[in-house]
Structure formats: structure tokens, C-alpha cells
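K.L.:
Encoded as C-alpha cells, here's the structure I'll be asking about.
Laboratory data are not the source of any read-out in this text; all were calculated from the coordinates shown. Worth saying up front: this structure is predicted, and the values here are computed from it rather than measured. Using ideal geometry, Cβ is built from the backbone for each residue, glycine included, and neighbour counts are taken over all protein chains shown.
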Amino acid sequence: MMRRNQWLAAPLGAATAAALLSGCGSQDGSAAGSGKGVVMGISDKVKSTDPASGYDPGSWLLFNNVFQSLLTFPKGGNTPEPDAAQSCGFEGADSKVYKCVLRAGLKFSNGDTLTSKDVKYSFERTLKINDANGPAVMLGSIAGIEAPDEKTVVFRLKTSDATFPSKIAAGAGAIVDHTQYPADKLRTDGKAVGSGVYKLDSISDKSANFSVNDSYSGKAKPKNTGVTLKFFNDDQAALKKVLESGDVDFAFRGLAAKDIASLANKAGEQKVEVVQGTGAEVQHLVFNMNDPVAGKLPIRKAIAYLVDREAIIKEVYDGTATSLYSIVPAGIASHNTAFFERYGGTPQLEKAKNVLRAANVKDKVKITLYSTPTRYGPATDQELQLIAKQLNDSGLFDADVKSVAFDQYEKDIEAGKYGVYVKGWVPDYPDADNFTQPFFGPDNVLHNNYDNKEISGTIIPSTSAKSDRTAATAEFTRLQDIVADEIPILPLWQGKQYAVTRQNVTGLQWSLDASTVFRFWEISKG
């Protein structure tokens, strides 16, 4: 997105995308739901209720519960399985034709029948609208879609793309009712018609209400009768307060790291529990390769030698993240530690001095680090300030920090105005491809003027075509090594996923896994 624009974060293994996926409808969930309704506090906003837009965590949380996709990631798993589809698989050996057959009895929440026409319409609509804040960027490999009968959908791809099943197994693959969504523009009335486990009853700036969708046909068995989201718009203190008071049953995303640590230490006293899951949210410093300062490799190397990740995690994030030493995070197949091997795990002052001396850099390097707390949280400013201090304490840099509102921040980055800036990323699907292609492929989301022809022209196309994802490990290793040598970005940390809950709420662990799919239906309240 971040993309969702997922610029914002879970460890996972790679999906084995080319295997024939099959399932049956015999394990359909109970439409009525069971147990009680639950109230969830969240700091993110839902920026769109239309899945052709809204590439952000709050919107995708809605999409994953209100809409179905052909495939989905099972709880705790990384290989997509059938959801709206009964079966899916590649035809032929080149991973360029992908066929799905829909399960029987699919209906939207308004009672309309879901057919292959709706699937075809949904993908073509997203691509046609091509919203700047939408997931069309994930669907660029689609050359054409056919719906030969009511249950069959055939995707023809421009290039071999073994990760295609993973790409369409979440919000990017959301299926809409073709009679309810215009073909060439976004729906803006705040309503949503899907075939997922839940239906959206109402949404405002303060809250959203969901109830179990009686028309749902699928494997999920909802363990509650509905979910209410309360939005706190980055007000971390307010979110912590309502959690402690019991006004919300649990909080996900948005609690300050110090509050999570404090609540974990006092869990028994405060009748709350901290649930920790796997996480692959990552954050990087990004260098504009055309910048007169940051564009110089010796300066980037000096920064790589001086940044103290462990201090950042301890002083800013209270241990709620781990140090990241490559662009592919730990827990994702093909991860390595290329930056650790080259620049160490602690500051290397003498090596930083030597690399600058060798480049005849004699004066302090004046540099500005750009931050935005609007998107990545208020701790981001603190983090960048600490990095600036680390650089300045070396005596080699004169670094300062400028904090910019997110909308302006993104515009300035695209205009090439910043030399060094921070970016975070939440994966769309659990594969090394999602940590590489968006950053280093054509029209990459970094906007940092970096283009390595071996990466973009050879490695990415080759890894995308390998249906056996383990066969791509050597090439992904080579890619990570190149990035560590050339440093267009500097990995900083990898996040952990947390939810903080009242002690009578269970099932949250099934929404804190590598897939980043938040499953309302797994949550129950005693």
C-alpha cells in the first residue's frame, strides 16, 4: 500500500503460488455468527469503502471482512487457498494463464448472485479507474480476463507471474457487485456491498459498525455477532485510556510503543493482555540518488556505518521492533543479512571516517532528514531526530530533521525535493517479491531515481516467473547484496504486531500473522 500505499507492515514464508489450489464448500461458515459483539479501537482511518481505492491498512481491514476474493490466506498460513473460488490454478508451464472456478451459492449482502461476470468486472474496474491510492498497481500483469460461463474466470497475464495468486488473495482481489459500482469512477457514498463474512452497516469519522452477513457462503465461522470500530485518528493517549476503562474490548494498531510495554508489564493488574504476533512491517531511510549530497555513495556508506538500530529500538520503540539488516525481513523466505555483513550491527566510526576520507570529504556533511508523523506515527520524528544525533555525534555530519504533513511529504518526494526521507511498508502478500518489485521495478514507489538494470531487467522478471519460490532464493540473495552495496535505501527496523485486549476477548492471535489479514470472524468475547 502503502501503494497500501502500503507504505506504513509481518514475518511470513513465501507462498507456493503455482500449485493447483482446491477446496470445497462443505465447511461453509454459519451465517448467523455466535457469541457477542466486540468493540475495537484503532488509530488508522478507513480512507475508502471502495476497494478500487483505499490502499491503506484501515481500508484493507474493511475490505478483508466485507468483500470476498477468489483466494484468501488461511489463519497462520502463507499459501493462498480458495475463498470465493472452489479451485484455482495456473494452466501451462509458463505461469501466464490462471483459471478459477467459483464455488456454488455465492451471494452479495444485498441478495444479488455473484458470478464470474462480477469477478471480471471488479478487476477491470480497478484497472480502468487506476486510482492513485488504489491497488491497480498490483494488477498490472493482467493482459485480459475472460468469463466463459457463470462460474469460470480466466486471467491471461502479460508476463509470467507466479505471485499472482498471492496478489489477488486480499484487498486487491475484492469482488464487487457489478450493478452497485460504476465502471469508471469510485463509489463515494460510504456504503459497501460485498459477499464477505460481514456487511458494513454504517460508517462515520468516529466509528464503523459491521454485522454478520447472512448471505455469506464460505469457510469462515464467525465467533461474534458483529464488530464496532472506533477511530482515534492517531490519538494514542485516548486509545490507551478507553482500553483501560473498558470502552473498547481491544486495540489494534496505534498504541504508543511505551504504552504497549507498560501494559504488558502490568497486564494482571489492569485486566488487559498484550497479544504479540509475527510482523513484517518494515521501515527504511530512502536516498534520492540524484541529490547532490545523498546521491554520493561514500556519504550513504558513512551513514550506514553510523546508524545504531538497537538504540532506535530501545529508546524510541521500547523493544516493539527488531533491527533490520536487509530489504527482505526475517521470516520471509530468501531473507539475508547483507547490511549487517557489510556495515556491522553497531556503529563503526573509524570505517565511516575512512570511507569519507577516501572520497576526499573533509568538512562535515550537511544533510536534512525528512520525516512525516502523519502516516507513520509520532515516534517517526523521534526516530529521525535520534538518527540525526547519531550522525552528528560522530563529528562527521551536520544533520537536522524536518517534519512534513503526509500529503505534502508525498508530493515533495515525487518532485525530488528531499535527499533523505523515511518510508515504511506493510506487505500485501508474504513473498520476497513484495519487498523488492515495488521498490526496484518499473515505476517503483520510492521515487528515489534508483535503477539497477540487473535488478529491474533480469532478477525481478526471473524471480516472478518461478512457481517454485525456493528456486528464486539465489536471485533474491543477489538482489539484496546489490542493494546493500549501492544503498539506495537503508533498512532500519522490522515491526512486531500487537493487539492489546481485555482479558475476556480471545482469537486475536489469528489476526496477527504473516498475511496481514485481520479476521473479524475469529474474535470472540466471553
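K.L.:
Restricting to Cα atoms and excluding each atom paired with itself, what does the Kirkwood estimate give for the range 81-218 in Å?
P.N.:
Hydrodynamic radius (Kirkwood, Cα only) of the range 81-218 equals 15.7 Å.
K.L.:
Cα extents of the range 67-137 along the three principal axes, largest first, in whole Å?
P.N.:
33, 31, 27
K.L.:
Among the aspartates and glutamates, which have Cα under 12 Å from the Cα of residue 314 when same-chain residues fewer than 8 positions away are ignored?
P.N.:
Once the sequence-local aspartates and glutamates are set aside, what remains near residue 314 is 383.
K.L.:
With charges set only on the Cβ (+1 for Lys and Arg, -1 for Asp and Glu), what does the dipole of the chain come to about its Cα centre, in debye to the nearest 20?
P.N.:
That gives a dipole near 280 debye.
K.L.:
Starting from the Cα of residue 185, draw a straight line to each of the aspartates and glutamates and keep only those under 14 Å, dropping any in the same chain fewer than 8 residues away.
P.N.:
Within the straight-line limit of under 14 Å, residue 185 reaches these aspartates and glutamates: 50, 124, 131.
K.L.:
Write down, largest first, the equivalent ellipsoid semi-axes of the range 193-241 in whole Å, where each equals the square root of 5 times an eigenvalue of the alpha-carbon gyration tensor.
P.N.:
One finds semi-axes of 26, 12, 8 Å for the range 193-241.
K.L.:
Residue by residue through the range 169-174, what is 3J(HN,Hα) from phi via Karplus (6.51 cos²θ - 1.76 cosθ + 1.60, θ = phi - 60°)? Round to whole Hz and write x for glycine and proline.
P.N.:
8, 9, x, 5, x, 4
K.L.:
Here's a follow-up. Over 21 Å between C-alpha atoms is what I'm after, so list which of 223/496; 96/120; 351/423; 240/411; 241/389 land there.
P.N.:
In this structure, 223/496; 351/423; 240/411; 241/389 lie more than 21 Å apart at Cα.
K.L.:
When we measure straight from the Cα of residue 117, which lysines land under 17 angstrom away, once same-chain ones fewer than 8 places off are left out?
P.N.:
Partners found: 99, 107, 128, 151.
K.L.:
If you average 1/r over every pair of different alpha-carbon atoms in the range 121-162 and take one over that average, what Kirkwood value in Å do you get?
P.N.:
11.2 Å
K.L.:
Also, quick follow-up: For the range 289-352, report the translational diffusion coefficient in µm²/s to the nearest whole number, using Stokes-Einstein at 25 °C, 0.890 mPa s, and a Kirkwood Rh over Cα pairs.
P.N.:
In µm²/s, the coefficient rounds to 188.
K.L.:
Given a Förster radius of 51 Å and the C-beta distance between residue 315 and residue 481 as r, what FRET efficiency does 1/(1 + (r/R0)^6) yield to the nearest 0.05?
P.N.:
0.95
K.L.:
From the alpha carbon gyration tensor of the chain, can you work out the equivalent ellipsoid semi-axes (sqrt of 5 times each eigenvalue) and give them in Å, largest to smallest?
P.N.:
Working through the eigenvalues yields semi-axes of 38, 28, 19 Å.
K.L.:
For the range 33-104, compute the orientation-averaged projected area of the C-alpha convex hull (one quarter of its surface), in nm².
P.N.:
7.4 nm²
K.L.:
Starting from the Kirkwood Rh over alpha-carbon pairs, what translational D in µm² s⁻¹ does the range 231-328 have by Stokes-Einstein at 4 °C and 1.567 mPa s?
P.N.:
For the chosen part, D equals 80 µm²/s.
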